[in-house]
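Asks: Here you go, one structure.
The values are calculated or read from the model by the stated rules, or taken from the named source; none is laboratory data. It should be emphasised that the depicted structure is a prediction, and the values quoted were computed from it without experimental measurement. Note that each Cβ is placed from the backbone with ideal geometry, even for glycine, and that neighbours are counted across all protein chains shown. All accessible areas refer to the heavy atoms of the entire protein, side chains included, with ligands and DNA or RNA removed. Shrake-Rupley method; radii C 1.70, N 1.55, O 1.52, S 1.80 Å.
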Amino acid sequence: MIRARKLCKTYRVHRRPPGLLAALRSVIRRRYEEVRALVDVSFDIAPGERVGFLGPNGAGKTTALKILSGLLYPTSGSVTVGDFVPQERRTEFLHMITLVMGQKQQLLWDLPPAETFAMNRALFDLPRREADATQQELVDLLEIGPLIGKPTRQLSLGERMKCELVAALLHRPKVLFLDEPTIGLDVSMQARVRDFIRRYNESTGASVLLTSHYMEDVAALCPRVIVIDKGHLIYDGDLRTLARRIRPEKRITMHFSSVPAPGDLDRLGNCVARSELQATLAVPAAQVTEAVRAALSRLPISDISVEDPPLEEIMQEFLDGQSANGGARSA
Amino acid sequence: MRPLRHYARLLAVQMRTSLTLAVQYRFDFFLEGALALFWLAITLIPLLVVYSRRESVAGWSFPEALVVVGWFSVLKAVLDGGVTPSLNFVVEGVRKGTLDFILLKPADAQFLVSTARFEPWRILDFLGSIAVLAYAFHRLGRVPSVGDFMVGLALFGVALILLYSLWILVVSVSFRVVKVDNLSYLFISIFDAGRWPIDVFKGALRLIFTVVFPLALMTTYPAQALLGKLTSAHALLAGTGGLAFAAIARLVWKRALRAYTSASS
């Protein structure tokens with residue numbers, strides 16, 4: 001469905017030191033710097049696949065999405081989505097894709113979302129009955145029936161994002177580019193948006209490409225991740241595999257009925273968090289069973305759970321490791 | 001046929017949206033209408049001042065010059081009501097990156113940005129300007145012949161194309177330099193010179209206002225046509241000039257889209 005080969009994107013950025021004098025100087029003589037947003041990035045995405053783009057701020061994730069959706073021209077390299085070159089902006093291509101940006105909105109600010117929906121229906125030249133049915137279906141799924149008649153500016157951030165999704169999916173696209181669709185939303189709203197995206201993907205077979213700062217989003221939605229750092233693709237594969245490779249350990253969290261004797265804990269594994277009646281141990285995956293058994297027999301356990309280490313930590317460690325030794329990995 | 005119907009429907013939807021936006025805030029709607037008429041009255045002041053001391057300027061009598069002003073005001077009403085709001089919308093879109101959404105729609109981007117916004121209350125401006133034109137002909141004591149009127153109407157079309165093309169060129173610049181507020185002020189200030197017949201200007205200015213920023217083609221020639229003073233060579237020049245500008249604007253717009261960098265997330 002999507003094929004990117006050796007994508008490069010270089011921006012020319014005007015740079016100057018802070019201060020009035022520097023600003024004045026830059027009026028006369030501008031200094032430009034080349035910023036390489038993407039360097040030789042290649043990947044393929046199959047129809048119906050859900051893939052997460054991960055990477056720190058400024059890694060090149062949004063640039064990649066914008067090239068894939070045809071908004072930006074790559075400096076070099078090639079990209080096709082379906083049978084189309086995105087930058088040609090062919091009608092069939094634009095009918096096939098959609099781009100949702102958590103930071104920007106297409107809803108008309110002073111008018112109710114229903115007006116934007118009507119506008120998009122005309123723009124995509126959708127038959128009235130078909131568009132109405134799709135709109136109703138999406139509105140029901142997202143439970144926003146009473147909202148679409150209220151002026152957009154009176155809606156909350158989460159309500160607006162749900163309406164954005166309806167506006168973006170009215171033409172039933174086959175490829176979804178989602179750039180931080182859950183940014184700024186509370187936890188329950190994030191979960192509902194995620195759930196909605198998954199359902200759309202499962203019912204329509206659309207491919208989903210998602211960037212998010214919330215690892216939860218990516219972990220819940222995307223079996224496969226592409227990690228980009230400083231414009232380079234540094235990992236492409238299964239998220240769990242990456243997690244296990246970086247941190248081949250589990251976290252055992254224990255709650256105690258009374259304060260355990262000092263020393264008993266340390267013998268079980270590396271203690272990463274500790275309070276009076278609670279402790280979290282990091283234990284190699286292979287030794288988890290042994291450690292749990294030992295803990296249950298030696299310590300005054302009231303509750304115990306075994307989990308993977310937080311993805312945020314793993315990703316941080318992965319990125320730190322990458323910047324320390326350069327190099328690219330892939331699954 | 002289908003594309004044509006699609007675009008007609010799009011235009012209708014865009015106009016409906018603008019109208020809905022305009023009446024959303026009632027107070028603003030009436031205020032803008034009153035302001036429109038006020039500015040039309042202001043436009044007449046310089047002319048009244050100049051002609052209070054003499055009978056004619058550069059061969060143009062007061063009622064004849066009033067035809068030019070009336071014509072200029074009609075054009076300005078169309079510019080302010082139909083072109084400027086849309087193009088301001090694009091300039092803002094470029095700066096904030098919301099132009100992304102326009103470029104992602106399956107319709108010609110130039111059409112979409114050009115029809116994005118209208119200011120319906122400018123219709124008052126337009127009607128007021130027609131009244132000025134009517135008064136000018138009343139003062140002249142005659143009406144344009146059918147032939148002159150038709151040429152005038154055709155040149156009105158040419159003038160609109162010219163204006164629009166020039167605006168598109170200005171907007172295309174915004175893709176590269178991002179902030180063009182001042183450029184649009186410059187544009188409007190130069191356009192203001194169109195209230196005077198071209199014969200008022202001498203030398204380089206006259207050449208510039210005929211060829212580079214063709215004010216003559218936009219206001220003087222159509223007014224001359226209505227007055228029955230325009231030669232067919234000049235009419236042809238205006239027509240060719242209009243088409244040439246439209247072609248250049250389209251080309252520059254296409255190239256400018258390539259330079260669009262979007263705003264970061």
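Asks: Could you state the angle between the C-alpha long axis of helix B:26-51 and the longest principal axis of the C-alpha atoms of chain B, as a value from 0 to 90 degrees rounded to the nearest 10?
Replies: Tilt relative to chain B: about 40 degrees.
Asks: Using only the alpha-carbon atoms of the range B:59-180 as identical scatterers, what base-10 log of I(q)/I(0) does the Debye formula give at q = 0.11, 0.17 Å⁻¹?
Replies: Each listed q corresponds, in turn, to -0.49, -0.89.
Asks: If you roll a 1.4 Å probe over the heavy atoms of the protein chains, what accessible area per residue do you get for the range A:248-308, in Å²?
Replies: On the way: 3530 Å² over 61 residues.
I get 58 Å² per residue for the range A:248-308.
Asks: To continue, here is another question. Just report the Cα centroid separation between the range A:155-199 and the range A:73-96, whole Å.
Replies: About 24 Å separates the Cα centre of the range A:155-199 from the one of the range A:73-96.
Asks: Could you tell me whether the range B:1-107 comes out rounded, prolate or oblate from its Cα gyration tensor? Rule is a ≥ b ≥ c as square roots of the eigenvalues, rounded for a/c under 1.5, then prolate if a/b exceeds b/c, otherwise oblate. Spell out each step's value before the answer.
Replies: Values: a/c = 2.66, a/b = 2.14, b/c = 1.25.
Judged from the Cα gyration tensor, the range B:1-107 comes out prolate (a/c at least 1.5, a/b above b/c).
Asks: Based only on Cα atoms, what mean projected area does the convex hull of chain A have, in nm²?
Replies: On the way: hull surface 92.5 nm².
Spelled out: convex hull of the Cα atoms, projected over all directions, averaged, 23.1 nm².
Asks: Which one of B:D28, B:D125, B:D148 has the biggest mean-square fluctuation once chain B is modelled by GNM with Cα springs under 10 Å?
Replies: B:D28
Asks: How high is the FRET efficiency from A:D308 to A:N57, r the C-beta distance, R0 35 Å, rounded to 0.05? Don't skip to the end; give the middle numbers.
Replies: Working: r = 24 Å, r/R0 = 0.70.
So the FRET efficiency works out to roughly 0.90.
Asks: Can you give the calculated 222 nm mean residue ellipticity of chain B, where each DSSP H run of n ≥ 4 adds -39,500 (n - 2.57) and the sum is split over every residue, rounded to the nearest 500 deg cm²/dmol? Provide the component values of the computation, followed by the final result.
Replies: Numbers: 12 runs with 192 residues, N = 265.
Helix-only estimate at 222 nm: -24000 deg cm²/dmol.
Asks: To continue, here is another question. How about the range B:184-238: which trypsin sites (Lys or Arg not before Pro) there are in a DSSP loop, with at most 13 other Cβ atoms within 10 Å of their Cβ? Working shown, then result.
Replies: On the way: sites: B:R195, B:K202, B:R206, B:K229; in loops: B:K202, B:K229.
Taking the range B:184-238 and a limit of 13 other Cβ atoms within 10 Å, the loop trypsin sites (Lys or Arg not before Pro) found are B:K202.
Asks: DSSP loop GluC sites (Glu not before Pro) in the range B:35-110 with at most 12 other Cβ atoms within 10 Å of their Cβ, which ones?
Replies: Numbers: sites: B:E55, B:E64, B:E92; in loops: B:E55.
Those satisfying the criteria are B:E55.
Asks: Among B:L133, B:L48, B:L19, whose mean-square fluctuation peaks in a Gaussian network model of chain B (Cα, cutoff 10 Å)?
Replies: B:L48
Asks: Have a look at A:S257, A:S78, A:S26 and tell me which one the Gaussian network model of chain A (Cα, springs below 10 Å) gives the largest fluctuation.
Replies: Fluctuation is largest for A:S26.
Asks: Hey, another quick one. How much area per residue is accessible in the range A:1-98 when the probe is 1.4 Å and only protein heavy atoms are counted (Å²)? Can you show the working numbers first?
Replies: Working: 5190 Å² over 98 residues.
Heavy-atom accessible area per residue stands at 53 Å².
Asks: Then there's this: Chains B and A: buried accessible surface, both sides, probe 1.4 Å, rounded to 100 Å²?
Replies: Values: alone 14440 and 17030 Å², together 28450 Å².
Accessible area lost upon association: around 3000 Å².
Asks: Right, another one. Nearest 10 degrees is fine. How inclined is helix B:62-78 to the longest principal axis of chain B, computing both from alpha carbons?
Replies: 10 degrees
Asks: Counting only heavy atoms of the protein chains, get the accessible area per residue of the range B:53-126 (1.4 Å probe) and round it to a whole Å² value.
Replies: Value for the range B:53-126: 32 Å² per residue.
Asks: When DSSP beta bridges are limited to those with both residues in chain A, what percentage is antiparallel, rounded to the nearest 5? Before the final figure, lay out the partial values.
Replies: Working: 41 of 59 bridges.
The antiparallel proportion sits near 70 percent.
Asks: How long, wide and thick is the range A:87-139, going by the Cα atoms along their three principal axes, in whole angstroms, largest first?
Replies: 32, 30, 17 Å, listed from the longest principal axis down.
Asks: Using 0.36 nm per residue of separation minus the Cα-Cα distance, give me the extension gain between A:C271 and A:R36 in nm, one decimal.
Replies: Values: separation 235, 0.36 × 235 = 84.60 nm, distance 4.14 nm.
Extra length available between A:C271 and A:R36 comes to 80.5 nm.
Asks: For the range B:1-34, which residues drop by 30 square angstrom or more in accessible area between the chain on its own and all protein chains together (1.4 Å probe)?
Replies: In the range B:1-34, residues shielded by partner chains: B:R2, B:H6, B:R9, B:L10, B:V13, B:R16, B:T17, B:T20, B:L21, B:Q24, B:Y25.
Asks: For helix A:157-169, what angle does its Cα long axis make with the longest principal axis of chain A, in degrees from 0 to 90 and rounded to 10?
Replies: Between the helix axis and the principal axis of chain A, the angle is about 60 degrees.
Asks: Continuing with the same structure: Given a 1.4 angstrom probe, I'd like the percentage of the accessible area of the protein assembly as shown that is carbon and sulfur, rounded to a whole number. Numbers along the way, then the final one.
Replies: Details: 16740 of 28450 Å².
For the protein assembly as shown, the apolar C and S fraction of the accessible surface comes to 59 percent.
Asks: Post the alpha-carbon centroid distance, the range B:216-265 to the range B:27-103, in whole angstrom.
Replies: So the two Cα centres are separated by 18 Å.
Asks: Could you tell me which of A:P113, A:I28, B:I123 has its Cα farthest along the dipole of the protein assembly as shown towards the positive end, charges placed at Cβ (Lys, Arg +1; Asp, Glu -1), taken about the Cα centre?
Replies: Ranked along the dipole, the leading option is A:I28.
Asks: Under 10 °C and 1.306 mPa s, how fast does chain B diffuse according to Stokes-Einstein, given a Kirkwood radius computed over C-alpha pairs? Answer in µm²/s, whole number. Working shown, then result.
Replies: Working: Rh = 19.7 Å.
The estimated diffusion coefficient comes to 81 µm²/s.
Asks: A further question on this structure: Where in the range A:65-91 does accessible area fall by at least 30 Å² between the isolated chain and the complete protein assembly, at a 1.4 Å probe radius?
Replies: A:K66, A:L71, A:L72, A:Y73, A:R89
Asks: Give me the Å³ per residue figure for the convex hull around the C-alpha atoms of the protein assembly as shown.
Replies: 217 Å³
Asks: What's log10 of I(q)/I(0) for the range B:56-117 at q = 0.15, 0.28, 0.29 Å⁻¹, Debye sum over Cα points only, no solvent?
Replies: Debye curve over Cα of the range B:56-117, log10 I(q)/I(0) at q = 0.15, 0.28, 0.29 Å⁻¹: -0.58, -1.07, -1.10.
Asks: Something else: Indicate the gyration tensor shape class of the range B:146-216 (rounded, prolate or oblate), computed on the Cα atoms with a ≥ b ≥ c the square roots of the eigenvalues: a/c under 1.5 is rounded; otherwise a/b larger than b/c is prolate and the rest oblate. Kindly include the intermediate steps, with their values, before the conclusion.
Replies: Values: a/c = 2.76, a/b = 1.51, b/c = 1.82.
Oblate, because a/c is 1.5 or more while a/b does not exceed b/c.
Asks: Shifting gears a bit: Taking every DSSP beta bridge that has both residues in the protein assembly as shown, what percent is antiparallel when rounded to the nearest 5? Could the numbers behind the result be given before it?
Replies: On the way: 43 of 61 bridges.
The antiparallel fraction comes to roughly 70 percent.
Asks: Which of rounded, prolate, oblate describes the range A:67-107, given a ≥ b ≥ c as roots of the alpha-carbon gyration tensor eigenvalues and a/c under 1.5 marking rounded, otherwise prolate only if a/b is larger than b/c? Spell out each step's value before the answer.
Replies: Numbers: a/c = 2.57, a/b = 1.40, b/c = 1.83.
The shape class here is oblate.
Asks: Past 27 Å, Cα to Cα, is the threshold; run A:K104/A:K150; A:K150/B:K76; A:K174/A:K250; A:K61/A:K104; B:K202/B:K229; A:K6/A:K174 against it and keep the listed order. Present the calculation step by step, with values, prior to reporting the outcome.
Replies: Numbers: A:K104/A:K150 19 Å; A:K150/B:K76 35 Å; A:K174/A:K250 38 Å; A:K61/A:K104 16 Å; B:K202/B:K229 20 Å; A:K6/A:K174 24 Å.
Pairs exceeding 27 Å: A:K150/B:K76; A:K174/A:K250.
Asks: Using all Cα-Cα distances in the range A:248-308, what percent lands in each 10 angstrom bin from 0 up to the longest?
Replies: 24, 64, 12, 0
Asks: List the residues of the range A:109-125 whose accessible area drops by at least 40 Å² when all protein chains are present, compared with their chain alone, using a 1.4 Å probe and counting only protein heavy atoms.
Replies: With the partner chains in place, the range A:109-125 has these residues losing at least 40 Å²: A:D110, A:L111, A:E115, A:M119, A:A122, A:L123, A:D125.
Asks: Hey, another quick one. Once you average over the residues of B:101-112, how many Cβ atoms of partner chains fall within 10 Å of each Cβ? Write down the numbers at each step before the final one.
Replies: Details: counts 12, 2, 8, 13, 11, 12, 6, 2, 1, 0, 0, 1.
Counting other chains' Cβ atoms within 10 Å and averaging over B:101-112 gives 6.
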